[in-house]
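Comments concern the structure below.
Derivation of every value follows stated rules applied to the coordinates shown; laboratory data play no part. What you see is a predicted model, and the numbers here were worked out from it, not measured in a lab. Ideal geometry is used to build each Cβ from the backbone, glycine not excepted, and the neighbour counts take in all protein chains shown.
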């Protein structure tokens, strides 16, 4: 049934378009609006036709009642306007009236367009209210998600601090043994990533020199071993870990080996006599 009705509609639509073409009109996108406009023009034409016929009847009645040849033979008194001049004036007035009618039609069309625009504005206002409500709900959800994220991060920091603090304590101890100085500018995040503080900003240790990175890596590994094995003392295998240290830090590394050997069994390999 739907397809049948659709075929009927398309056939009628083609007939309407052909009708527009026969009237030398270009079919528009919405033929029903164009038909409505034609219907409006037809009604206006019928009104004008009725008025024209009424005036025509009045003229015939006037011609029957009056002696037209005698009226035409009358001469216009001096100082009074002739029928020709009155006719000319009436023609001018008619043209002005036509212009006024066209202006009125233009204003009516503008009024119709403005009314349609106003209807669109009202619809847009309703949509705006709905969007504002949706935006407010979105902001509430965003705030809740932000609060949830902060709470989860705080919980994560509190939970991991229990495990990172022992590692950091061990790192400080071994750093002090290896360098003879305190590591005040180092900190560890919740993921046990070590960072160096410069200018009140944490930076990754990857930008440090190779020797410093090796030094920090040794301290970090020993700190992790100490945190992982609180009671047991596993043996340690060090394969020439101080190859990138300068002479002064190599001396500290030898002291470092002596200190850790007091708690751990250490197997130390080196390929250079300066690091024995």
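Rounded to 0.05, the FRET efficiency of the residue 30 and residue 124 pair, given R0 = 30 Å and the Cβ-Cβ distance, is 0.90.
When the chain is treated as a GNM with alpha-carbon contacts under 10 Å, the residue of 68, 237, 197 showing the greatest mean-square fluctuation is 68.
Diffusion coefficient of region 161-275 by Stokes-Einstein, Kirkwood radius over Cα pairs, 10 °C, 1.306 mPa s: 107 µm²/s. In the elastic network of the chain, a GNM with C-alpha springs shorter than 10 Å, the most mobile of 11, 87, 61 is 11.
Once the Cα gyration tensor of region 1-69 is found, what semi-axes does its equivalent ellipsoid get, as square roots of 5 times the eigenvalues, in whole Å, sorted largest first? Intermediate values should be presented prior to the final figure.
Values: eigenvalues 405, 27, 19 Å².
One finds semi-axes of 45, 12, 10 Å for region 1-69.
Between 32, 84, 126, the residue with the greatest mean-square fluctuation in the GNM of the chain (Cα pairs under 10 Å linked by springs) is 32.
Using a ≥ b ≥ c from the Cα gyration tensor of region 173-225 (square roots of the eigenvalues), is it rounded, prolate or oblate, where a/c under 1.5 gives rounded and otherwise the larger of a/b and b/c decides, a/b for prolate?
Working: a/c = 1.44, a/b = 1.28, b/c = 1.13.
Rounded shape, in that the Cα axes give a/c under 1.5.
Projected area of region 1-119, taken from the Cα convex hull and averaged over every viewing direction, in nm²?
Working: hull surface 55.3 nm².
Quarter of the Cα hull surface area: 13.8 nm².
Coordinate range of the alpha-carbon atoms in the chain per principal axis, descending: 149, 63, 37 Å.
The smallest convex shape that holds all Cα atoms of region 235-276, its convex hull, gives 55 Å³ per residue. For the chain, adding -39500 (n - 2.57) for each run of n ≥ 4 DSSP H residues and dividing by the number of residues yields -25500 deg cm²/dmol at 222 nm.
Going by average Cβ neighbours within 10 Å, how do the peptides 216-222, 20-26 rank, with the highest at the top? If you can, show how the numbers build up before the last one.
Working: 216-222: 19.6, 20-26: 10.1.
Ranked from most to least packed, the peptides come out as 216-222, 20-26.
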